[in-house]
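Visitor: Structure incoming, see below.
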Amino acid sequence: MNKEELKKEFWDCQILFNESLNKFTYTLTGGRGEIVFFPDTLEQLEHIVSYANGHDIPLTILGRASNVIIKDSGLEGFVVFTNHLNSYTLQGTTITAQAGASLKKICEYAYISSLTGLEFASGIPGSLGGGVYMNAGAYGGELKDVIESVTVITAQGQLKKYDREECGFDYRTSRFQSGGEIVIECSLNLKVGNSHLIKERMEQLMYLRRSRQPLEYPSCGSVFKRPEGHFTGKLIQDANLQGYKIGGAMISTKHAGFIVNVDNATATNYLELIDLIQNRIKKENDVELVMEVKVLG
Ligand SMILES: Cc1cc2nc3c(=O)[nH]c(=O)nc-3n(C[C@H](O)[C@H](O)[C@H](O)COP(=O)(O)OP(=O)(O)OC[C@H]3O[C@@H](n4cnc5c(N)ncnc54)[C@H](O)[C@@H]3O)c2cc1C
């Protein structure tokens, strides 16, 4: 792809070439992105999608990169960060936000608007779009509980709106994980609540997070999904793997379900450690640990 042609084609959009992606990921790992975009408007995003589609260019969408491991070999083609598409509005008790809005900010906005229902998500460090894709959840709540509708751009560049029932939500999954649709907007249906109680609940959950999760280190959160009938952390703890390191990646001593970057880890360090955990738990417990985190590249 010709750099000058692309600069001309996307003159109004922030675009970086052969850019290190590690500074954008929550694990601080990952290779380079061939062509990296930060669209400010929906029109720019639509332009990028239709250009990629028309020229057969691979396209990767990222929110805050808090649930991905990007391989050290990097990402070919277009890489699009949605974080500049981050506006939101309130109508009645419904917040409608763009995909790149941070979940934390939307939760704060719900709180100052005295709206309840989203407290569970206040410590989840991703974008709304990434959260919808993952059906992110914590402490008994999942985004699917409050989602009214989701608007996407299809791989062919058309806009489509889905009601909650059409989104195929289940434990850490949604229809958006198959089919190449890009989430651009989402409406969340909340209820009128008491702002003191909302704040109290958010603070209580943040306290629990800080006391149980290694938030002082870079990580991608819980690496694995919860296997039926087991707790991932307990399985890894019982296998005496806490503190085990490959390169700069270490199985957290605070929460065994997290892998933390303690010393300039690479994505390869992460992937080797994940492989080791999966093999050990399969051998010792006959349990398959399925990754929650997405590996890209
Ligand atoms: C410390 C820590 C704690 C965490 N705690 C939780 C928790 O309690 N519960 C929980 O569920 N998760 C948790 N996570 C994981 C993560 O924050 C969530 O999954 C979050 O919703 C991901 O959002 P993101 O914007 O970072 O997505 P990204 O990591 O950028 O992307 C994740 C996936 O979604 C896709 N994607 C992103 N945006 C879009 C879009 N607009 N359209 C289509 N596809 C898209 C990407 O291609 C990728 O496959 C935690 C992570 C960390 C680091």
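Only the coordinates and a few stated rules stand behind these numbers; no lab work does. What you see is a predicted model; the values in this text were computed from it and never measured. Using ideal geometry, Cβ is built from the backbone for each residue, glycine included, and neighbour counts are taken over all protein chains shown.
Visitor: If the only charges are +1 at each Lys and Arg Cβ and -1 at each Asp and Glu Cβ, what is the size of the charge dipole of segment 161-297 around the Cα centre, to the nearest 20 debye? The partial results should precede the final answer.
Guide: On the way: 19 positive and 18 negative charges, 81 e Å.
Value, rounded to 20: 380 debye.
Visitor: Given R₀ = 51 Å, FRET efficiency for Glu272-Ser114 by Cβ-Cβ distance, to 0.05?
Guide: For R0 = 51 Å, the calculated efficiency reads 0.60.
Visitor: Taking amide hydrogens as modeled 1.01 Å from N in the peptide plane, which residues meet the under 5 Å criterion relative to Ile69, leaving out close sequence neighbours?
Guide: Distant-sequence amide H within range of Ile69: Lys294, Val295, Leu296.
Visitor: Can you give me the C-alpha center-to-center distance between segment 89-120 and segment 1-52, rounded to a whole angstrom?
Guide: 28
Visitor: While we're looking at this one, here's another question. If you count, for each residue, the other Cβ atoms within 10 Å and average over each peptide, how do 222-235, 154-167, 252-265 line up from highest to lowest?
Guide: Ranking the peptides 222-235, 154-167, 252-265 by packing returns 252-265, 222-235, 154-167.
Visitor: Here's a follow-up. Roughly what % of DSSP beta bridges within the chain run antiparallel, to the nearest 5?
Guide: 80
Visitor: Let me ask something else about it. What list do you get for Asp12, Asp56 if you sort them by fewest beta carbons within 10 Å?
Guide: Asp56, Asp12
Visitor: Tell me which residues come under 5 Å, amide H to amide H, from Leu75 once H is placed; ignore anything under 5 positions away on its chain.
Guide: Sorted by chain and number, the residues that satisfy this are Arg32, Gly33, Glu34.
Visitor: Once you order the gyration tensor axes a ≥ b ≥ c over the Cα atoms, which shape class does the chain get: rounded for a/c under 1.5, otherwise prolate or oblate by comparing a/b with b/c?
Guide: Oblate.
Visitor: I've got another one for you. Would you mind computing, in nm to one decimal, how far apart the modelled labels at Leu28 and Arg210 are, each placed 7 Å from Cα along Cα→Cβ?
Guide: 2.1
Visitor: Could you size up the charge dipole of the chain around its Cα centre, putting +1 on the beta carbon of Lys and Arg and -1 on that of Asp and Glu, and report it in debye to the nearest 20?
Guide: Details: 30 positive and 35 negative charges, 177 e Å.
For this selection, approximately 860 debye.
Visitor: Still on this structure, please answer the following. Once you have the Cα-Cα distance between Leu90 and His196, take 0.36 nm times their residue separation minus that, and quote the gain in nm to one decimal.
Guide: Stretched fully, the Leu90-His196 segment lengthens by 36.2 nm.
Visitor: Next question, about the same structure. Run the numbers on the chain and let me know its relative contact order in percent, using alpha-carbon pairs under 8 Å that are six or more apart.
Guide: Relative contact order for the chain comes out at 17 percent.
Visitor: What are the ³J(HN,Hα) values, in whole Hz, obtained from phi via the Karplus relation 6.51 cos²θ - 1.76 cosθ + 1.60 with θ = phi - 60°, for each residue of segment 181-189 in sequence order, with x given for Gly and Pro?
Guide: Per residue, the Karplus-derived 3J(HN,Hα) values read 7, 9, 6, 10, 7, 8, 9, 10, 9 Hz.
Visitor: Could you work out the local net charge near Glu76, counting Lys and Arg as +1, Asp and Glu as -1, over the other residues with Cβ closer than 14 Å to its Cβ?
Guide: Within the 14 Å Cβ shell, the charges total -2.
Visitor: In addition: Residue by residue, what Karplus-based ³J(HN,Hα) values in Hz, rounded to whole numbers, does segment 220-234 have, using 6.51, -1.76 and 1.60 with θ = phi - 60° and x for Gly and Pro?
Guide: My calculation for segment 220-234 gives 10, x, 5, 6, 10, 6, 7, x, 3, x, 9, 10, 4, x, 5 Hz in order.
Visitor: Further question on the same structure: Among DSSP beta bridges whose residues both lie in segment 1-157, state the antiparallel percentage, nearest 5.
Guide: Values: 13 of 21 bridges.
DSSP beta bridges in segment 1-157 are roughly 60 percent antiparallel.
Visitor: Further question on the same structure: Please list the non-local residues whose amide H lies under 5 Å from the amide H of Gln14, H modeled 1.01 Å from N, same-chain partners needing a gap of 5 or more.
Guide: When sequence neighbours closer than 5 places are left aside, the close amide H contacts are Phe38, Asp40.
Visitor: Next up: Here are some pairs, Lys104/Lys294; Lys7/Lys294; Lys104/Lys191; Lys3/Lys105; Lys161/Lys191; which of them have Cα atoms lying more than 24 Å apart in this structure? Intermediate values should be presented prior to the final figure.
Guide: Numbers: Lys104/Lys294 21 Å; Lys7/Lys294 30 Å; Lys104/Lys191 18 Å; Lys3/Lys105 35 Å; Lys161/Lys191 22 Å.
Too far apart for the 24 Å limit: Lys7/Lys294; Lys3/Lys105.
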